[in-house]
Structures are given as structure tokens and as C-alpha cells.
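Asks: My questions will all concern the structure given below.
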Amino acid sequence: MLHIVRTNSDNKDFKDLVNQLDNYLAIVDGEEHDFYNQYNNIDVLKHVVMAYSDKTPVGCGAFKEFDKNSVEIKRMYTNPKYRGQGVASKILNALEIWSHELGYKSCVLETGIRQVEAVGFYKKNNYATIPNFEPYKNVENSLCFRKVLKK
């Protein structure tokens, strides 16, 4: 059974999953990995959601303030063994609910065009493509998305 836990970036399970994510992204992003990686420090993340199957950490996501009305979704990852089971959707939904509770009106995010599954996932979850925001403004391999949260 899947359960969701709110935590922060000090969570050891979160750190372990982020290491798995970074290893994956180093392969997918190739020589651009260092550019992207500089914007993914987890020590600034105070709002982290973990998904557990029994006591096993299977997925994570986080957000940080983007501007006074929006948060930026960061560090979304699901262990490959648990993909296709709705884990990522539950994490994303929990992040959206939490950010809405804190008074934010929308969520933005960046993902790479090479992460085809991620692009499809965000579109499926009603995220609309927007012009790339800083620091991704002129980065060809970046796609930025936004979703207005329901009232």
C-alpha cells in the first residue's frame, strides 16, 4: 500500500532517491548535466513529499518558491520498479495540494525534452507548455510547464 509523507530535504530516503535521479540524469543529459545540476541543490528544499510502499521509499518530489504566487516543482523521481503504478501522480498531486494550502496559485517546472516520459506525464497532469523561464530561457533542450491550481 502506498502512503505519502511530507518532509524536507534532510530526509535520508529523499537524499537516496535524489542520488538515483542524478545518476539517471547524468546519462540522459550527457554533457549538459553540469549545467542543469547547478540548479538542483536540495538544501534549499523545505517542502518534500515522499512515497512509500510499506516502508520502502519508492518516489519523491519537492517544491520551492518561484515567485509570490508560484512554486517550482523539483526533484520528481520514481524508482523504475514502481513506475506505471500512479506513484508519480500521487506525489505531484500531494505537492500541488501542499503548495495550494500555503497560498500559491500555480506550479511551474522545467524538464528536458529528452525525458519523453516526463514530458508526457506533465501533459497528462494538465501542465501547459510555457516560454522557458530563467535560468532555462535560451536552453534548447529544456521545456517549461505551468499549471494553475484549482481554488
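Rule-based calculations on the coordinates, nothing more; no lab input. No experiment lies behind these values; they were computed from the predicted model shown. Every residue, glycine as well, gets a Cβ built from its backbone with ideal geometry; the counts of neighbours run over all protein chains shown.
Asks: Expressed as cubic angstrom per residue, what is the convex hull volume of the alpha carbon set of the chain?
Replies: 108 Å³
Asks: Report the full-extension gain for the segment residue 56 to residue 44: residue separation times 0.36 nm, less the Cα-Cα distance, to one decimal in nm.
Replies: That pair, residue 56 and residue 44, stretches by 1.9 nm at full extension.
Asks: From the phi of every residue in the range 88-95, what ³J(HN,Hα) in whole Hz does the Karplus formula 6.51 cos²θ - 1.76 cosθ + 1.60 yield, where θ is phi - 60° and glycine or proline is x?
Replies: Taking θ as phi minus 60°, the curve returns 4, 4, 5, 5, 4, 4, 5, 5 Hz for the range 88-95.
Asks: Can I ask one more? Given H placed 1.01 Å from N in the peptide plane, which residues other than close sequence neighbours of residue 79 have an amide H under 5 Å from its amide H?
Replies: Close amide H contacts, sequence-distant or interchain: 59.
Asks: Can you check what the net charge comes to around residue 21, using other residues whose Cβ is under 11 Å from the Cβ of residue 21 (Lys, Arg +1; Asp, Glu -1)?
Replies: +1
Asks: Say each of residue 100 and residue 150 gets a label point 7 Å from the Cα, pointing the same way as Cα to Cβ; how far apart are those two points in nm?
Replies: Distance between the two pseudo-spin positions: 0.6 nm.
Asks: For the chain, with a Gaussian network of springs between Cα atoms less than 10 Å apart, report the residue from 81, 46, 124 with the top mean-square fluctuation.
Replies: Most flexible of the set in this elastic network: 81.
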